[in-house]
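Structure first, then comments.
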């Protein structure tokens with residue numbers, strides 16, 4: 001498969017699940033903060049909101065099997081602007097009921113992962129986030 005800007009246009013958004021593994025204490029505030037580690041996977045699993053919207057599905061779908069996870073939104077154009085491709089890979093083995101699954105593919109060095117962390121918009125966030 002290849003990048004799919006027709007199904008997932010630059011102005012659309014993808015959703016990334018966040019587990020507590022990617023939250024660290026912020027010594028300045030005493031609250032937790034999101035780490036760039038959440039955005040370093042070469043093949044980063046996300047769900048495409050543009051595909052979900054076609055079927056009237058909202059962000060809760062992305063957390064259906066992960067009740068303790070949180071969720072952030074990233075802009076597809078920002079991802080592509082950092083030399084990433086977004087490939088629609090529906091129904092992977094670990095999520096056979098997910099037709100909206102995609103992978104953000106590419107090398108994510110420190111500055112790229114930091115940019116994604118800084119641009120991430122919380123959809124469902126922990127109460128104790130900085």
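Residue 2: within 11 Å of residue 104 (Cα to Cα), in contact with a strand residue (DSSP E or B) (Cβ under 7 Å, 6 or more places away or on another chain) and outside any strand (DSSP E or B), yes or no? Here the answer is yes, as residue 2 does meet what is asked. Applying a threshold of 6 Å to beta carbon distances and a minimum spacing of six or more residues, or different chains, the list of pairs starting in the stretch 39-57 at a residue that is farther than 11 Å from residue 15 by Cβ and ending at one that is part of a strand (DSSP E or B) reads 43/103; 43/105; 44/104.
For the stretch 2-31: of the residues being out of contact with any helix residue (DSSP H, G or I) (no Cβ under 8 Å at 6 or more places or on another chain), surrounded by 12 or more Cβ atoms within 10 Å (Cβ to Cβ) and touching a residue at least 40 places away in the same chain (Cβ under 8 Å), which is farthest from residue 129 (Cα to Cα)? First the steps, then the outcome.
Of all residues in the stretch 2-31, those out of contact with any helix residue (DSSP H, G or I) (no Cβ under 8 Å at 6 or more places or on another chain) come to 2, 4, 6, 19-20, 23-31.
So of that shortlist, the ones also surrounded by 12 or more Cβ atoms within 10 Å (Cβ to Cβ) come out as 4, 23-26, 31.
Going one step further and asking which of them are touching a residue at least 40 places away in the same chain (Cβ under 8 Å), we end up with 4, 23, 26, 31.
Working: 4: 33, 23: 8, 26: 9, 31: 5 Å.
Here the answer is 4.
Residues checked against (1) touching a strand residue (DSSP E or B) at 6+ places or on another chain (Cβ under 9 Å); (2) assigned to a helix (DSSP H, G or I); (3) surrounded by 16 or more Cβ atoms within 10 Å (Cβ to Cβ):
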| site | (1), (2), (3) |
| --- | --- |
| 50 | yes, yes, yes |
| 56 | no, no, no |
| 60 | yes, yes, no |
| 66 | yes, no, no |
| 72 | yes, no, yes |
| 79 | yes, yes, yes |
| 86 | yes, no, yes |
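Considering 92, 96, the condition of being under 28 Å from residue 55 (Cα atoms), out of contact with any helix residue (DSSP H, G or I) (no Cβ under 9 Å at 6 or more places or on another chain) and modelled with pLDDT under 95 is satisfied by 92 alone.
Output the residues belonging to the stretch 99-111 that are under 15 Å from the mean Cα position of the chain (by Cα) and surrounded by fewer than 19 Cβ atoms within 10 Å (Cβ to Cβ).
Initial filter on the stretch 99-111 (under 15 Å from the mean Cα position of the chain (by Cα)): 100-106, 108.
Residue satisfying the conditions is 106 alone.
The values are calculated or read from the model by the stated rules, or taken from the named source; none is laboratory data. Here the structure is a predicted model, which is why all the values come from computation and not from measurement. Virtual Cβ from ideal backbone geometry, glycine too; neighbours counted across all protein chains shown.
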